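First comes the structure, then the notes that go with it.
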Amino acid sequence: MHTLQLHKTDAADRLAWPVVENKVSVTSSAMAVFTDFKQYMPHVIDENAPAARVEKIMRQSHVRMMLVVDANNAFTGIVTSQDVSEQHIVQKIAELKVPRDGLVVRDFMQAKTSLMSFDFTELTKSSVGDVVETLKDYGQHHCLVLDRDSHEVRGVISVSDIARELRAPLDVQDKPTFSQLIRVLAA
C-alpha cells in the first residue's frame with residue numbers, strides 16, 4: 001500500500017461533464033423515460049410531515065412530486081409542488097381553520113385510490129410518443145406505473161423527465177377531475 005499525494009485545486013480547474021448523446025425520441029421505447037423504483041429510490045414523504053416543509057424540500061431538490069407514505073411506509077398517495085403551493089396552503093388554512101404549522105402533507109395529498117396509472121406490462125410494449133399522447137389526453141404531469149400482477153407501484157413517468165430527454169418543451173394541460181368539477185359547481 002502507498003500513500004497518494006494530494007494536490008491543491010487550481011483556480012483554473014473546472015468541472016467535467018458527461019458527454020450526453022440524446023438517443024431518446026418519440027419512437028423510443030417508453031422504458032427510456034420510466035423511473036423504475038426497483039433501480040432508483042423513490043422520493044417519499046411521511047403523510048404527517050408539515051406541509052410547508054415538503055414544499056421547501058421539493059423546491060430545494062428540484063422535485064415536483066413525492067410519494068406519500070404512512071407511519072408503516074405503506075403508500076397512501078402523492079403530493080405535487082402545485083398541491084403545496086402558497087395559494088393552496090392559504091386556501092387550506094381558511095378551509096380547515098388551522099394555523100399554517102398545523103397543516104400536514106395528508107391535507108394536500110392526492111389519495112392513491114384517486115390516481116391513474118400505466119400498466120407496467122403494457123408500458124414495455126409502448127413508445128415514448130404513446131406515453132406523451134396518453135399524458136396529454138388525460139392532462140397528467142406525472143403518472144404512476146403499476147405492476148398489476150404484484151400490486152406494486154413499480155415507478156413513475158414524468159412529463160418534465162420526458163421533455164428533458166427529448167430536449168423539447170411538452171405542454172400538458174391539466175384537465176379537471178370529476179371531483180374538482182363538483183367542488184367548483186358547489187361553490
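For this structure, a couple of remarks:
The rows are residues; the columns are (1) in a loop (DSSP other than H, G, I, E, B); (2) at pLDDT 90 or above.
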position	(1), (2)
Asp130	no, yes
Thr134	no, yes
Leu146	no, yes
Ser150	yes, yes
Val156	no, yes
Arg164	no, no
Ala168	yes, no
Pro176	yes, no
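- Residues that are aliphatic (A, V, I, L, M) and open to solvent by 100 Å² or more (accessible area, probe 1.4 Å) within region 5-28 comprise Leu6, Ala11, Leu15, Val19, listed in sequence order.
- Verdict on Gln82 being polar (S, T, N, Q) and either under 16 Å from Asp161 (Cβ atoms) or in a helix (DSSP H, G or I) (or both): no
- Of the numbered criteria (1) of a type outside the set (Gly, Ala, Ser); (2) open to solvent by 40 Å² or more (accessible area, probe 1.4 Å); (3) under 14 Å from the mean Cα position of the chain (by Cα), the one Thr80 fails is (2).
- Among the residues of region 1-38, those identified as closer than 30 Å to Gly129 by Cα and either acidic (Asp, Glu) or free of Cβ contacts under 8 Å to residues at least 24 places away in the same chain (or both) are Trp17, Pro18, Val19, Val20, Glu21, Lys23, Asp36.
The values are calculated or read from the model by the stated rules, or taken from the named source; none is laboratory data. Nothing here was measured: the structure is a model prediction, and the numbers come from that model. Cβ atoms come from the backbone with ideal geometry, glycine included; neighbour counts cover every protein chain shown. Heads up: the accessible areas ignore ligands, DNA and RNA and are worked out on the full protein's heavy atoms, side chains in. Shrake-Rupley method; radii C 1.70, N 1.55, O 1.52, S 1.80 Å.
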